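Below: one structure, written as structure tokens.
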Amino acid sequence: MDTSRQRKPVLLISIGVTAFLVGAVVSGLTVWRVLHEQIRTLEIAQSQRKQHGNSDSETNGQHPAALVRVATAEWKPVQPLKPIIGRLVEVRKVTVASEVEGQVVEMPVEEGTPVVGGETILARVDDVWNRLAIDRGKSRVASIRAKTGYESAELKRLEQLADRNAITGSELDAKRALLEQFVADLAEAQATVQEEEERKTRSVIHAPFDGTIIAKHAELGERLSPGTPVVDIISRGTIDAQIMVPESLIDLVGIDQVAQVQIDPLGEILSGKVVSITPYGVSASRSFPVRVRLDDQEGRLKVGMSVTVMVATAPKEPALVVSKDAVLVRPDGSTVWIVVRNEASRPDEVQPIPVVVHARLRSEYAIEPETLKGRELLVPEAQVVIEGAEHLQPGQHVRIVTLDENRSDGASRSDGPVRSKSTERHTDRGTSERER
């Protein structure tokens, strides 16, 4: 019995050791297989790289030729710009109120309804009392006109009697005064009728200008008094981009100045003119409201949309300008790759030029070379790489591709035809899959 108890621990230990050894062997085989595949892949890659390196070096030197697109550096006036965030605001906003008293009997508009100035009916107020007042006033006018005619005839008879000294002068003066009173009463009655007719006309409330209703303050059946708000309307056709310009830049902004406005939600850039500069600034931010007038693009621009307006930060000065795609911006500095033209028998090559970016425009950068050699190479009319510069090496040969002709500028000096980027995909070493 003691012997059987002693065998169990020994058996368990044996099983555990065996399992450990088996796992170690399996793991070793797996690791060996993975390493073997990696070594084999590396050998194949090195062999292919050596073959292509030898092939390219026979025609292009140390590094394989890379396909690039280029642009021309220019010397022109540049004005640095700074983006300022703002919003779209209405050109005009008005609260239309009732000018008469009465009950709303018609209101055919809702929030968001477009209106036409002088044509669209916003609301109609009950005018029954105006019509009755007009009828009553017209009757009074007719009565006074009749009395005035009678008194006028009486005055003529009294004047004839006065010529024969049949009446006294006081009687004639009294009749003249009575006639003048009737004439005044007639004018007052006519004015009262005109007033009621005007009130009747204004019981129909029209839109004051072309726009859109943004709020309703009255409803059908509601009783209005003179001055009661009915609707709020904002204008359409034009819209303003309002920004707050810092005091340090406000002197560079002028009325009628053209400004580029980016409509952030739409991703579009529109041109507008500065129409107002408010001289009363916000003391907390030391900035001044500026409005840029835009076309509302048939209602596509909405009040409240965020915008970005480019504001000048300095006067215009001449500078060397390249496409922003030509500048490789890295934490350690900015670089521009320039194409150096060689003799007809030798391919073109590229050289990196460290630069300082002085101004960032919408599609261009104003730059200045940092080194003396860079200032000698990077001059106006120089060709700079705008596509394919990410993996270039100094002195590497290149072939220039143009999208319009799908051929390189130096095709006559290359060993074979050059295809555009759309037909050949570049590898990290600058060669295409087709060449590989």
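The values are calculated or read from the model by the stated rules, or taken from the named source; none is laboratory data. Computed from a prediction, not measured in an experiment: that's the story for all the values here. All Cβ positions, even for glycine, are placed from backbone atoms using ideal geometry, and neighbour counts span all protein chains on display.
Scan segment 105-142 for residues that are of a type in the set (Ser, Thr, Tyr) and surrounded by 14 or more Cβ atoms within 10 Å (Cβ to Cβ) and jot them down. Selection gives Thr113, Thr120. Given the condition touching a residue at least 40 places away in the same chain (Cβ under 8 Å), part of a strand (DSSP E or B), under 30 Å from Val96 (Cα atoms) and not polar (S, T, N, Q), answer yes or no: does some residue in segment 243-254 qualify? Checking segment 243-254: at least one residue is touching a residue at least 40 places away in the same chain (Cβ under 8 Å), part of a strand (DSSP E or B), under 30 Å from Val96 (Cα atoms) and not polar (S, T, N, Q).
Per the listing Val340, Val322, Val327, Val385, the residue uniquely touching a Leu at 6+ places or on another chain (Cβ under 8 Å), modelled with pLDDT of 90 or more, among the β-branched types (Val, Ile, Thr) and within 18 Å of Ala71 (Cα to Cα) is Val385.
Go over the candidates Glu99, Glu37 one by one and state the one that is at pLDDT 65 or above and part of a loop (DSSP other than H, G, I, E, B).
On the way: Glu37 fails: part of a loop (DSSP other than H, G, I, E, B).
Selected residue: Glu99, the only one of Glu99, Glu37 that is at pLDDT 65 or above and part of a loop (DSSP other than H, G, I, E, B).
For (1) assigned to a loop (DSSP other than H, G, I, E, B); (2) free of Cβ contacts under 8 Å to residues at least 40 places away in the same chain; (3) β-branched (Val, Ile, Thr), each residue gets a yes or a no:
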| position | (1), (2), (3) |
| --- | --- |
| Gln194 | no, yes, no |
| Glu198 | no, yes, no |
| Phe209 | yes, no, no |
| Thr212 | no, no, yes |
| Ala215 | no, no, no |
| Ala218 | yes, no, no |
| Gly221 | yes, no, no |
| Pro226 | yes, no, no |
| Val230 | no, no, yes |
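Whether any residue in segment 218-225 is crowded, with 18+ Cβ neighbours inside 10 Å, out of contact with any Cys (no Cβ under 7 Å at 6 or more places or on another chain) and basic (Lys, Arg) is what I want to check. So that I can check it myself, show each step before the final result.
So in segment 218-225, the residues crowded, with 18+ Cβ neighbours inside 10 Å come out as 218, 224.
Still in the list and also out of contact with any Cys (no Cβ under 7 Å at 6 or more places or on another chain): 218, 224.
This time we only want the ones that are basic (Lys, Arg), so: none.
No, that holds for no residue.
Step by step: first the residues of segment 334-364, then only those that are under 29 Å from the mean Cα position of the chain (by Cα) and charged (D, E, K, R), then the one that is nearest to Gln393 (Cα to Cα). Which residue is that? Going through the qualifying residues, I end up with Glu364.
Quick one: which of Pro289, Pro331 is farther than 30 Å from Gln393 by Cβ and either in the same structural domain as Ile400 (by TED's automatic domain parsing) or touching a residue at least 40 places away in the same chain (Cβ under 8 Å) (or both)? Spell out the reasoning first.
Values: Pro331 fails: farther than 30 Å from Gln393 by Cβ.
Every option except Pro289 fails the conditions.
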